[in-house]
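I have placed the structure first, in the form of structure tokens, so that the comments after it can refer back to it.
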Amino acid sequence: MALLELRKLVKAFGGLLAVNDVTFQVEKGEIFGLIGPNGSGKTTIFNCINHFYPITAGDVLFNGQSIKGLTTHKICHLGIGRTFQVVKPLARMTVLDNVTASAFCRVNTIKEAKAEAHRVLGFCNLLSEKDKPAKSLPIAGRKRLEIARALATKPELLLLDETAAGLNPSELDEAIDLIKKIRESGITILIVEHIMKVIMTISDRIHAINFGQTIAQGTPKEVANNRAVIEAYLGEEYAQG
């Protein structure tokens, strides 16, 4: 049984089909990449999984059970955490307090929440920054804080939305190492990413979409060599070459 399954997922905004009949399965323990050009529907899929947007048609199953229509916080409690493409920490609060707030998803006391926050910050190599205001972190630090906040909810499945955007080459390597470390800890990952170095390095399988529809799925090598994927990213002239 797949950990996450999308069945003929559709999301419409008026007459616009942002996601149109997308189906895929994410197996427990894997890193599953979701790629596509800007505006292809990737983040919309994340928002449907978490019920930030209601689903127009189709279904989303987690551990074999439909989560369609559940509230966002209930889905988080079931074990689906996520990051956001535009990171928005609680800017005037400390790094530690940001993660502590997320930890209350699973614990009931401030002592337990702070203990969990310390553990997660150590895992994400942010413990030395714990007393700094979140707004003072550079982009790489804010990206790590976003991941730490999601991890503090103790997810079984983590949705990562462009975690590597805006990072320099050394920071990219650190991001790749952290994502691998998260998987090694037992958390399954569904990742949206434009940086091919990241998505091709870490993904077990990749699902590609364009204009809200599936165009390819397979191993990173299979998807990278797919004509429809090359055309969607680089243009038809490259696909014909």
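Name every residue in region 71-107 that is among the aliphatic types (A, V, I, L, M) and out of contact with any Phe, Trp or Tyr (no Cβ under 9 Å at 6 or more places or on another chain), in order of residue number.
Selection gives Val86, Val87, Leu90, Ala91, Met93, Val95, Leu96, Val99, Ala101, Ala103, Val107.
Regarding region 107-119, can at least one residue be identified that is β-branched (Val, Ile, Thr) and loosely packed, with under 14 Cβ neighbours inside 10 Å?
Yes, that holds for at least one residue.
Here is a list of conditions, (1) in contact with a helix residue (DSSP H, G or I) (Cβ under 6 Å, 6 or more places away or on another chain); (2) under 22 Å from Phe52 (Cα atoms); (3) modelled with pLDDT of 95 or more, and Glu193 meets all of them except one; can you say which number that is?
So Glu193 meets the others, but not (3).
Go through region 1-54 and report how many residues are at positive phi and surrounded by 14 or more Cβ atoms within 10 Å (Cβ to Cβ).
4
Being crowded, with 20+ Cβ neighbours inside 10 Å, of a type outside the set (S, T, N, Q) and modelled with pLDDT of 95 or more is the filter here; which residues of region 76-89 pass it?
Cys76, Ile80, Gly81, Arg82
Name the helices (runs of 4 or more DSSP H) wholly inside region 132-241 in which the number of residues that are buried (at least 23 other Cβ atoms within 10 Å of the Cβ) and of a type in the set (Asp, Glu) is 1 or more. Steps first, answer last, please.
Details: elements: 139-151, 169-184, 196-202, 220-224, 227-234, 236-240.
Correct list: 139-151.
Given the residues Ala140, Ala101, which is the only one that is under 19 Å from Ile182 (Cα atoms) and touching a Leu at 6+ places or on another chain (Cβ under 8 Å)?
Answer to the selection: Ala140.
The values are calculated or read from the model by the stated rules, or taken from the named source; none is laboratory data. The structure displayed is predicted, hence computed values, not measured ones. Counting neighbours? That spans all protein chains shown, and the Cβs are built from the backbone with ideal geometry, glycine included.
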